[in-house]
Amino acid sequence: MTLLGEVSVVQGCISGWAGWTDRPGAPVELFVWFDGRFFGRLLADEHRPDLGPGGGGDGHATFDLPVPRALVDGQAHELRMADGDGRMLPGTPRTIHATDCADHVLPTDTPSDGEDVVMLAIARDEGRYIEEWIAHHHGLGIGRFVIYDNDSSDGMAQRLGGNPRLAGIVEVVPWPAGAFDPAEGPQRPAYRDAMSRLGRSGWVAILDLDEFLVLKHDSSIHSMLRRYRDLSGITIPWKVFGSSGLAARDDRLVTERFHYAMPAPLTKTIARQMLLAEPIMHHHSMIERPIADELRRPLYVPDRGPVPSYRSAQINHYFTKSREEWAEKRQRGRAGMPRGAPGFQRSEAQFYSHDQCIEFDRWIDRHAWTTRAALDRLFPGHVGAELARHPPLLPGTDRN
């Protein structure tokens, strides 16, 4: 009787299959050793459809063993796996070098390929908000913005393109309906097109115009990213902000009007461009090294990440804004969907589901002055720039 099988180490997990030549379909009990020490045993009985036709019985012959945290040190360790009669599983003994497991990514000395950060976005009729959004992130240290203009009719692209202060900072890319397959919608094709414009060094952040990055302890995005330069990307958790009870728009900045939020399970990723295979809305396809959160917990499967920690950063997602602005947002439709597709116009129920916000959150206030200073430099005519030039007086003082 011969023991067949294979083993590999992928995404923090030791995976493979095992089966006997004369007992196809019978589950195999495997015994596991690391560095000559017995670790435990497992049963190779999980299903993999392609094994049955190849002689693997009904295909219930696979196994998955999370890499033990103690072995995630980047050093060489010997893995041995055998059945109860001592027959070694093909592919073992073998040497493994683990740098990540289910709950940790080991810091490494991987050299950084640059610290510049470029912001990528697609927008339609966001002229009322885009100047604050650019100023906020420019104040955090982002020096370049690539904005895909998806058939705006509010003069957004013209205002940005006609502002000489934005030369070398903001690039507006026309993205009309004829530039992409209507069945796919404008968003993902725009991200793919951007791969040829962004370069391959530094980092890229992909945020929507209602998403604002908040740094809770760092003075700039560069100081935060230096701690994660060995990763392929870092995920930043959402905080969803509702209407804060506001029915109508006023002249205050978005970041100054809405203060009630709720946690959300989704994240956005800031990725190293040299390792980016394909940019996607939330979690990108990377070439190597896992994406992880601020606690270095890896994200192997999109939308199945760990519970957000919110310790050092978050993305304020101003999903509804005021009741008046929500109505306008519904009319604009969803950027990631073709016009006229089912769900293109958001349902009224989404307002109520995203307005269940009871957590008071003003972390973004720590960026108020850098935002207003950037507004004054880049958009001196913006109503928010006035306060940067003329800060409010303290009681009992005057400007003299």
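Only one residue in V72, V28, V10 is of a type outside the set (G, A, S) and surrounded by fewer than 17 Cβ atoms within 10 Å (Cβ to Cβ). Which one?
Result of the check over V72, V28, V10: V10.
For segment 144-160, the candidate set comprises residues that are surrounded by fewer than 16 Cβ atoms within 10 Å (Cβ to Cβ) and of a type in the set (G, A, S); within that set, the residue that is nearest to Q331 (Cα to Cα) is S153.
Counting the residues of segment 4-48 that are in a loop (DSSP other than H, G, I, E, B), closer than 16 Å to A98 by Cα and in contact with a His (Cβ under 9 Å, 6 or more places away or on another chain) gives 2.
Residue pairs whose Cβ atoms lie under 6 Å apart, separated by 6 or more positions or on different chains, with the first residue in segment 37-52 and at pLDDT below 95 and the second polar (S, T, N, Q) and in a strand (DSSP E or B), are E46/T62; R48/T62. Identification of strands (runs of 3 or more DSSP E) wholly contained in segment 86-167 with 2 or more residues that are free of Cβ contacts under 8 Å to residues at least 24 places away in the same chain and not assigned by TED's automatic domain parsing to the domain that holds R252 yields 94-97. Report yes if R226 is in a loop (DSSP other than H, G, I, E, B), at pLDDT 90 or above and farther than 26 Å from H354 by Cβ, otherwise no. Answer is no for this residue. For segment 95-115, filtering for residues that are modelled with pLDDT of 90 or more and surrounded by fewer than 16 Cβ atoms within 10 Å (Cβ to Cβ) leaves 2.
The values are calculated or read from the model by the stated rules, or taken from the named source; none is laboratory data. The model shown is predicted, which means the values in this text are computed figures rather than measured ones. When we count neighbours, we look across all protein chains shown, and the Cβ atoms used for this are built from the backbone with ideal geometry, even at glycine.
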